[in-house]
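Peer 1: Dropping the structure in here first, questions after.
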Amino acid sequence: MAEAEPLLELSDLVTSYRLRPGIGRPGGEVRAVAGVSLTVHAGETVGLVGESGCGKSTIARTIVGLVRPSGGKVLFDGRDLGTLPAKELRRLRRDIQLVFQDPYASLNPRMTVAALIKEAWRIHPGLVPRERWDDEVRALLERVGLRAEHAGRYPHQFSGGQRQRISIARALAVRPRLIVCDEAVSALDVSVRAQILNLLQELQRDLGVSYLFISHDLGVVRHLCDRVAVMYLGKIVETGSKEDIYRSPAHPYTQALLSAAPSLDDWRADEDGEHGEIVLTGDVPSPLRPPTGCRFRTRCWRAQDRCRDEEPALVERDTGHPVACHFPGALPPPATTAPEGGRPMKE
Amino acid sequence: MPDERANESATPLLEVEDLAVEFDTPAGPLRAVRGVSFEVGECETLAIVGESGSGKSVTAQTLMGLVPLSARIAGGRVAIEGRDVVGLSDREWQALRGERISMIFQDPLSALNPSLTVGYQIAEMFRRHRGAGRAEARRRAAELMAQVGIPDAERRLDDHPHRFSGGMRQRVMIAMALALDPRLLIADEPTTALDVTVQAQILRLLRQRQRAERLGMILISHDLGVVARAADRVAVMYAGRIVETGTVAEVYERPAHPYTLGLMRAVPDPRDIGAPLEAIEGRPPDLAARPAGCAFHPRCPFARDVCRTDDPAPRELGLRRASACHFAEEVIAHGRG
């Protein structure tokens, strides 16, 4: 799979926002995405994980053209979206669809489900002949687990899970090759979330669509994704196959993230009721003034002088997969982990 | 030691018995909470888990005497440290809130006054409730902020809430909730708005404070992972009712209600990566159209005729272990597998 040309390729992508000075806040430029390279191949699901403010949603918005990149490239099917003539760009935009976290905000409340789906065909004429519209709407609704009679209803008449199905149906209406899911299941209740995750997998199996799945939920990403990239403060700090990231994470941030994520097994604590999780101190620094060198160093227990002076590149080290850390390495296994094992035990 | 135990169990910090809460709607009363019973002891964390509309937050508000305007307690008993609190006046409640029972919320910004410094707001608690002087109150506020892990506490007293990150704001809320040494803390989705790494910090802080103060805690959450990490016992709510209770180990190892079992299987299993998720079909019922019999029966793979007609009452399966399912034993035997 790695040999074939990627469907989507981000190459050193930079996206900045200009901030006007406000009360108690200086103005300036925020590099929300500070040089990100990433590929998604046909039929593949790539997970992009990170915490709020890491730039993952800005990547989504840049890919679908809602924000202009200020540096680097977005290539789709080998073509640079930044230099394509308008007409071709429009054609290509159809191939990339975005599904948001909150379908209530992205679905016009005054339009029926049928109208919402048909709108896509108005924007991209020639895709589905008008006389087929009603049939297609029906087929799409059934495809995403809704019923044909839902076509005449309005978004508020649906539950959260059903609204997310509508968003997916609308994305599918233009037969995209890539769907960018930005926290698409994060607002859903557990029981409903599983339904939507299963639907996404089913659609991929049947239609061969690729996903860039952006989420803060590590459990969901592990479940769904083939490859994973971990972001911190505008940069990818580690990337690899699902096994690489979850079985042998080498970046301290990935390690902290994984150990902090609660799981169903967490009731098995040690006698002191502790879980041996890595608890990072402090908060994510402001992207307005990222730390010099490694951006993670201010919260890192392995940081040394070199981390302050020199930014680590995202390259394969002895880890078998790319890691942006000067001192990558495995954690000692939990059984042998005492405070002296290198884990920060205190806050 | 045995005597001490007996004493503790004699008066739990909190007892809730057969609680019912109703909302008035144009279509008539709507029962949002029904037949809810539980206890919380010293140093113990009870998690109330459920999805949206399960009644978990209404239950929490009721315990604080903060029943929503259009709602009322339609039955049952709530006792804090042995004292019945249903029907207390506002004035009587004010003497309890903060002093005996406190609460923290998902969104600390909504509970903090944006125009006052954090130090002032914490110090105010000591001035109003403890008659402390200005300097004394300020000193205690700084002490408390340091205790909840706010770095540079002395200096940060003079910052307004918006200058704090989400995690730090939640620490401020915890400081305020614990300022007057209450015995009980209700934490309503305390980490839901926070990032994973900050969530881990807050859960650890809550655990530390709980041990230090021997607090009884109620954790309201929709997140089964957070509950597994933070709770001793669990009550699972569905459609206004507790469908299962037990220790975390009991409930997570051998769920005794099909809804709990369904929830466990809908979450990616760390022990079985990539296994297909088993979604619970359908969605939680609208309380106005609660199904007859067991409210879960339309979504339940174990349902039989009796489930469509008879609403099962919670049934004891062991010490402080209960399930409101006609076929609890069958569910346990089925296992998470």
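Any read-out appearing in this document is the output of simple, stated calculations on the displayed coordinates, not a laboratory observation. Predicted model only: the values in this text are computed from it and were never measured. Here Cβ is always computed from backbone atoms with ideal geometry, including for glycine, and neighbour counts include all displayed protein chains.
Peer 1: For segment A:218-309, rounded, prolate or oblate, judged on the Cα gyration tensor with a ≥ b ≥ c (square roots of eigenvalues), a/c < 1.5 rounded, else prolate if a/b > b/c?
Peer 2: Oblate, since a/c reaches 1.5 and b/c is not below a/b.
Peer 1: Using a Debye calculation, one point per C-alpha and no hydration shell, please list log10 I(q)/I(0) for segment A:129-193 at q = 0.19, 0.20, 0.23, 0.24 Å⁻¹ in order.
Peer 2: One equal scatterer on each Cα of segment A:129-193 leads to -0.78, -0.86, -1.07, -1.13.
Peer 1: In whole Hz and in residue order, list the ³J(HN,Hα) couplings for segment A:312-321 that follow from phi through the Karplus curve 6.51 cos²θ - 1.76 cosθ + 1.60, θ = phi - 60°; x for Gly and Pro.
Peer 2: Once rounded to whole Hz, the list reads x, 7, 7, 9, 5, 10, 7, 9, x, 8.
Peer 1: Loop-only GluC sites (Glu not before Pro) in segment A:202-304, please: DSSP not H, G, I, E or B, and at most 14 other Cβ atoms within 10 Å.
Peer 2: Listed in order of number, the matching sites are A:GLU271, A:GLU274.
Peer 1: Under 37 °C and 0.692 mPa s, how fast does segment A:59-173 diffuse according to Stokes-Einstein, given a Kirkwood radius computed over C-alpha pairs? Answer in µm²/s, whole number.
Peer 2: The calculation lands on 214 µm²/s.
Peer 1: Also, quick follow-up: How long is chain B along each principal axis, judged by its Cα atoms, biggest number first, in Å?
Peer 2: Each principal axis gives a Cα extent; for chain B these are 69, 51, 48 Å.
Peer 1: Helix-derived [θ] at 222 nm for the protein assembly as shown: sum -39500 (n - 2.57) over DSSP H runs of at least 4, divide by residue count, nearest 500?
Peer 2: Helix-only estimate at 222 nm: -9000 deg cm²/dmol.
Peer 1: Which percent, to the nearest 5, of DSSP beta bridges fully inside the protein assembly as shown are antiparallel?
Peer 2: Approximately 60 percent, going by the DSSP bridge assignments.
Peer 1: Compute the distance from the alpha-carbon center of segment A:12-54 to that of segment B:133-153, in whole Å.
Peer 2: If you average the Cα positions of each part, the centres end up 37 Å apart.
Peer 1: Quick one: putting +1 on the C-beta of Lys and Arg, -1 on the C-beta of Asp and Glu, what dipole do you get for segment B:232-337 around its Cα centre, in Debye to the nearest 20?
Peer 2: Charge dipole of segment B:232-337: 140 debye, to the nearest 20.
Peer 1: Add +1 for every Lys or Arg and -1 for every Asp or Glu among the other residues with Cβ under 13 Å from the Cβ of A:LEU89, and state the total.
Peer 2: Summing Lys/Arg as +1 and Asp/Glu as -1 gives +3.
Peer 1: If one computes the Cα centroid of segment A:88-146 and of segment A:223-250, what distance in Å separates the two points?
Peer 2: About 32 Å separates the Cα centre of segment A:88-146 from the one of segment A:223-250.
Peer 1: For B:VAL251, what charge total do you get from the other residues with a beta carbon under 10 Å from its beta carbon, if Lys and Arg give +1 and Asp and Glu give -1?
Peer 2: Within the 10 Å Cβ shell, the charges total 0.
Peer 1: Spelling out what I want: for every residue of segment B:40-55, take phi, set θ = phi - 60°, compute 6.51 cos²θ - 1.76 cosθ + 1.60 (Karplus), and round to whole Hz; glycine and proline get x.
Peer 2: Each residue's phi maps through the Karplus curve to give 9, x, 4, 6, 10, 10, 9, 9, 9, 9, x, 8, 4, x, 7, x Hz.
Peer 1: Still on this structure, please answer the following. Ratio to report: Rg/Rh of the protein assembly as shown, with Cα atoms as the point set and Rh obtained by the Kirkwood method; give two decimals.
Peer 2: Across the protein assembly as shown, the Cα-based Rg/Rh ratio is 0.97.
Peer 1: What does the charge count near A:GLY53 come to, summing +1 for each Lys or Arg and -1 for each Asp or Glu among other residues with Cβ under 10 Å from its Cβ?
Peer 2: Net of charged neighbours comes to -2.
Peer 1: Same structure, new question: As an exercise, take the mean of 1/r over every pair of distinct alpha carbons in segment B:283-337, invert it, and state the Kirkwood radius in angstroms.
Peer 2: Answer for segment B:283-337: a Kirkwood hydrodynamic radius of 12.1 Å.
Peer 1: Would you please give the FRET efficiency between B:ARG336 and A:ALA86, computed as 1/(1 + (r/R0)^6) with r the Cβ-Cβ distance and R0 = 45 Å, to the nearest 0.05?
Peer 2: Working from the Cβ atoms, E equals 0.25.
Peer 1: Then there is this: Alpha carbon centre of segment B:219-236 versus segment B:55-108: separation in Å?
Peer 2: 21 Å
Peer 1: Something else: In the protein assembly as shown, how many lysine pairs have Cα atoms under 19 Å apart, counting only pairs 8 or more places apart or on different chains?
Peer 2: The number of close lysine pairs in the protein assembly as shown is 5.
Peer 1: How large is ³J(HN,Hα), in whole Hz, for each residue of segment B:305-316 in order, when computed from phi with the Karplus curve 6.51 cos²θ - 1.76 cosθ + 1.60 and θ = phi - 60°, using x for Gly and Pro?
Peer 2: Values, residue by residue: 4, 4, 5, 7, 10, 10, 6, x, 7, x, 10, 5 Hz.
Peer 1: Which of rounded, prolate, oblate describes segment B:232-337, given a ≥ b ≥ c as roots of the alpha-carbon gyration tensor eigenvalues and a/c under 1.5 marking rounded, otherwise prolate only if a/b is larger than b/c?
Peer 2: Here segment B:232-337 falls in the oblate category.
Peer 1: Just to confirm my understanding: which cysteines in chain A have no other cysteine beta carbon less than 4.7 Å from their beta carbon?
Peer 2: Lacking a cysteine Cβ partner under 4.7 Å: A:CYS54, A:CYS181, A:CYS225, A:CYS300, A:CYS325.
Peer 1: Could you grab the Rg to Rh ratio for segment A:2-133? Cα atoms only, Kirkwood for Rh.
Peer 2: Across segment A:2-133, the Cα-based Rg/Rh ratio is 1.02.
Peer 1: Hey, what's the Cα Rg ratio for chain A versus the globular rule of thumb, 2.2 N^0.38 Å?
Peer 2: 1.07
Peer 1: Hey, got the dipole for the protein assembly as shown? About the Cα centre, +1 on K and R Cβ, -1 on D and E Cβ, debye to the nearest 20?
Peer 2: 2260 debye
Peer 1: Still on this model: How compact is segment A:167-243 by the rule of thumb for globular proteins, expressed as Cα Rg over 2.2 N^0.38 Å?
Peer 2: Ratio of Rg to 2.2 N^0.38 Å for segment A:167-243: 1.13.
Peer 1: Same structure again: What FRET efficiency comes out for A:SER186 versus B:ARG91 if R0 is 35 angstrom and r is the Cβ-Cβ distance? Round to the nearest 0.05.
Peer 2: 0.25
Peer 1: For segment B:124-215, which trypsin sites (Lys or Arg not before Pro) are both in a DSSP coil and crowded by at most 13 other Cβ atoms within 10 Å?
Peer 2: Sparse-neighbourhood loop trypsin sites (Lys or Arg not before Pro): B:ARG214.
Peer 1: For A:VAL33, enumerate residues with amide H under 5 Å from its amide H, sequence gap 5+ or separate chain, H modeled in the peptide plane.
Peer 2: Under 5 Å from the amide H of A:VAL33: A:THR15.
Peer 1: Taking loop as defined by DSSP and a crowding limit of 12 other beta carbons within 10 Å, which GluC sites (Glu not before Pro) in segment A:22-92 fit?
Peer 2: Taking segment A:22-92 and a limit of 12 other Cβ atoms within 10 Å, no loop GluC sites (Glu not before Pro) are found.
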